[in-house]
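What follows is a short report on a single structure.
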Amino acid sequence: MKIISPSILAADFANLQSMCEMINASNAEWLHIDVMDGVFVPNISFGFPVLEAVRKHCRKLLDVHLMIVEPEKYVKRFIKAGAGMLTFHCEATTKQQEIIDTIHSAGIKAGICINPDVDVEVLRPYIDKVEMVLLMTVFAGYGGQKFIEESYARIDAVKAMIDELNPACLLEVDGGVNFQNAPLLYAHGVNVLVAGNTVFNAENQIQAIDKLLESSNLT
Ligand code: DX5
Ligand code: ZN
């Protein structure tokens, strides 16, 4: 399965409704929503009201990426606000299983994420319990960073764990995805590409989404 999840962080926040309409008309199956608290990451983005407003206009699955400490405190509210896939950072909590159970009891998908400096082995106990692993290919916090080339070895290691423990689990990467690395990422077994600047800085955003999606045919 190949999915593009454009990251709202790079969109024009004064025109979120037209952004949602573009996403609805595009071949992007998901919309990536980056929530930052200024503690887990040095940046602050937005919270529930923005997610609720987007939910009203966007017909695609909202792929919510929580970059917050103690995500267990807010999981229920993000579910209520409209998340369809809810992903938390493994290193931001000690309550991983509790969070996954809360997400599942609401009937939505659970994702687990790690930053580039976290050992991929921390994911192993959770791979057969989640619908998705999100591997950061930049340090969480800002859009527009350069893709970390060392990520491919980590992608291969996580893909091997997924194949062994839960082949239905999706693998998503986030940070610095562009037209050059997209074919290679798909070739390494990535299912979901998050793309902020590559989509929203493009002259034709719908075509940019198609171009990223077509990368899966180039490998
Ligand atoms: C970074 C965010 C990303 C970011 C990606 O902390 O998690 O989702 O928006 O932006 P690009 O694709 O521009 O690197
Ligand atoms: Zn993200």
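The values are calculated or read from the model by the stated rules, or taken from the named source; none is laboratory data. This structure is a prediction, so every number in the text was calculated from the model and none was measured. Cβ: placed from backbone, ideal geometry, glycine included. Neighbour counts: every protein chain shown.
Among 6, 42, which is touching a residue at least 60 places away in the same chain (Cβ under 8 Å) and in a loop (DSSP other than H, G, I, E, B)?
Among 6, 42, only 42 is touching a residue at least 60 places away in the same chain (Cβ under 8 Å) and in a loop (DSSP other than H, G, I, E, B).
Do we have any residue at all in the range 90-100 that's hydroxyl-bearing (Ser, Thr, Tyr) and touching a strand residue (DSSP E or B) at 6+ places or on another chain (Cβ under 9 Å)? Even if it seems obvious, please write down each step before you answer.
First, pick out the residues of the range 90-100 that are hydroxyl-bearing (Ser, Thr, Tyr): 93-94.
If we keep only those that are touching a strand residue (DSSP E or B) at 6+ places or on another chain (Cβ under 9 Å) as well, we get none.
The answer is no; no qualifying residue exists.
Going residue by residue through the range 5-13, is there one that turns out to be more than 13 Å from ligand 1 (Cβ to nearest atom), of a type in the set (Gly, Ala, Ser) and more than 24 Å from residue 169 (Cα to Cα)?
no
For residues that are within 15 Å of ligand 2 (Cβ to nearest atom) and crowded, with 21+ Cβ neighbours inside 10 Å, scanning just the range 4-29, find the one that is farthest from residue 197 (Cα to Cα).
Applying the first criterion (within 15 Å of ligand 2 (Cβ to nearest atom)) to the range 4-29 yields 4-11, 28.
Applying the additional criterion that residues be crowded, with 21+ Cβ neighbours inside 10 Å yields 4-9, 11, 28.
Details: 4: 13, 5: 12, 6: 9, 7: 8, 8: 9, 9: 9, 11: 8, 28: 15 Å.
Ranking the qualifying residues of the range 4-29, first place goes to 28.
Kindly indicate which of 60, 80, 76 is in contact with a Phe, Trp or Tyr (Cβ under 7 Å, 6 or more places away or on another chain), basic (Lys, Arg) and over 14 Å from residue 34 (Cα atoms).
Numbers: 80 fails: in contact with a Phe, Trp or Tyr (Cβ under 7 Å, 6 or more places away or on another chain); 76 fails: in contact with a Phe, Trp or Tyr (Cβ under 7 Å, 6 or more places away or on another chain).
Going through 60, 80, 76 in turn, just one is in contact with a Phe, Trp or Tyr (Cβ under 7 Å, 6 or more places away or on another chain), basic (Lys, Arg) and over 14 Å from residue 34 (Cα atoms): 60.
Need pairs with beta-carbon distance below 8 Å; first residue free of Cβ contacts under 8 Å to residues at least 24 places away in the same chain and of a type outside the set (Val, Ile, Thr) and within the range 66-85, second surrounded by fewer than 17 Cβ atoms within 10 Å (Cβ to Cβ) and in a helix (DSSP H, G or I); sequence gap 6+ or separate chains.
Cβ pairs passing all conditions: none.
Would you say residue 210 is within 11 Å of ligand 1 (Cβ to nearest atom) and at pLDDT 95 or above?
Values: within 11 Å of ligand 1 (Cβ to nearest atom): no; at pLDDT 95 or above: yes.
The answer is no for residue 210.
Mind checking which residues of the range 116-142 are within 16 Å of ligand 1 (Cβ to nearest atom) and surrounded by fewer than 20 Cβ atoms within 10 Å (Cβ to Cβ)?
Residues of the range 116-142 that are within 16 Å of ligand 1 (Cβ to nearest atom), as a first pass: 116-118, 132-142.
Listed by number, the residues that qualify are 116, 117, 118, 139, 141, 142.
So, in the range 105-115, of the ones that are surrounded by 13 or more Cβ atoms within 10 Å (Cβ to Cβ) and of a type outside the set (S, T, N, Q), which residue ends up farthest from ligand 1 (Cβ to nearest atom)? Walk me through it before giving the result.
Restricting attention to the range 105-115, the residues satisfying the condition of being surrounded by 13 or more Cβ atoms within 10 Å (Cβ to Cβ) are 106, 108-115.
Within this subset, residues satisfying the condition of being of a type outside the set (S, T, N, Q) are 106, 108-114.
Values: 106: 23, 108: 19, 109: 17, 110: 17, 111: 12, 112: 14, 113: 9, 114: 12 Å.
If we take residues in the range 105-115 being surrounded by 13 or more Cβ atoms within 10 Å (Cβ to Cβ) and of a type outside the set (S, T, N, Q), then 106 is farthest from ligand 1 (Cβ to nearest atom).
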